[in-house]
Structure formats: structure tokens, C-alpha cells
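The values are calculated or read from the model by the stated rules, or taken from the named source; none is laboratory data. Everything quoted here is computed from the prediction, not taken from an experiment. Because the Cβ atoms are built from the backbone with ideal geometry, glycine has one as well, and the counts that use them run over all protein chains shown.
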């Protein structure tokens with residue numbers, strides 16, 4: 001019969017530290033997975049069209065049955081995030097037994113990566129007939145452009 005080895009003293013402390021580090025690593029991995037793939041945490045993703053014109057970037061998302069106050073939009077220079085929750089609305093009089101339900105309910109999230117230069121302040125969003133239209137006005141990309149800088153003589157003041 002083999003006796004189990006028991007850690008004592010410093011070995012026990014080191015094993016506890018290792019267990020804590022591995023736990024933090026798994027927690028960070030879970031957060032990264034959920035941020036990268038919102039469907040992994042039980043949400044659904046609305047279908048999106050991404051279009052480009054000479055003046056703007058247009059993002060259309062299908063969000064039927066939602067009102068504007070149920071939709072959240074976050075925008076950075078690198079991505080657009082649309083999220084919220086679509087609640088199942090039950091009738092007030094009586095119960096209904098669903099024989100088939102293919103519509104999505106619950107929390108939703110969609111992240112659209114953006115690679116264009118656009119004005120964050122001039123962004124607009126409107127909801128019409130279940131289609132959310134986000135318009136991002138393009139601006140001239142000044143990255144990599146050369147600018148002249150006048151050199152002053154420090155001696156002159």
C-alpha cells in the first residue's frame with residue numbers, strides 16, 4: 001500500500017500559492033473567452049451588415065421587437081459594441097403553449113471591429129422597423145502624414 005505524501009511547512013505554502021495562481025489563470029481565461037465570444041456566456045448575437053461609402057461607415061443590425069431604450073451602443077476608435085436584452089413578452093390574458101419558437105430572447109451582444117478613421121463625436125444611431133442603423137462619418141486619416149515644424153532659436157527668447 002502506498003501512503004499519500006503530505007505537504008508540510010514551506011511545501012504546503014508553495015502548493016497553496018500554486019493553486020491560487022492556477023485559479024487566477026483559469027478565471028482570466030474564462031473572462032477572455034467571454035469577451036472574445038459573447039455566445040460562450042449564453043448570449044445571442046444579432047446579424048450585422050457592415051457597409052462603406054465614400055463619406056461613412058454604415059452598420060445595420062437586426063433587432064426586431066426592441067425599442068431604442070433597450071439597446072446599448074459603445075464606440076471606441078477600434079470597435080463598435082451593441083448589447084442589451086430582449087425579453088419574452090407574455091400575453092396578459094391567459095397562457096400560451098409554444099409548439100415551436102425559433103426567435104432569440106435573452107441578453108445579446110455583438111462586437112464589430114473597425115479599421116477606419118471616423119469621427120466618434122459625429123456618430124449617429126437610429127432604429128426603424130427592427131433595423132438599427134449606426135452611421136460613422138469618415139475623417140481623413142492623418143496617421144503617417146508628414147507635418148512641418150518650425151524650429152525656434154532658444155537664444156532669442
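Got a number for residues in the stretch 22-63 being out of contact with any helix residue (DSSP H, G or I) (no Cβ under 9 Å at 6 or more places or on another chain), at pLDDT 85 or above and outside any strand (DSSP E or B)?
5
Could you run through the stretch 115-129 and say how many residues are modelled with pLDDT of 90 or more and surrounded by 13 or more Cβ atoms within 10 Å (Cβ to Cβ)?
Of the residues in that region, 3 qualify.
Just wondering, is there one or more residues in the stretch 130-138 that are in contact with a strand residue (DSSP E or B) (Cβ under 9 Å, 6 or more places away or on another chain), assigned to a loop (DSSP other than H, G, I, E, B), more than 28 Å from residue 69 (Cα to Cα) and at pLDDT 85 or above?
Checked against the condition, which is being in contact with a strand residue (DSSP E or B) (Cβ under 9 Å, 6 or more places away or on another chain), assigned to a loop (DSSP other than H, G, I, E, B), more than 28 Å from residue 69 (Cα to Cα) and at pLDDT 85 or above, the stretch 130-138 yields no hits at all.
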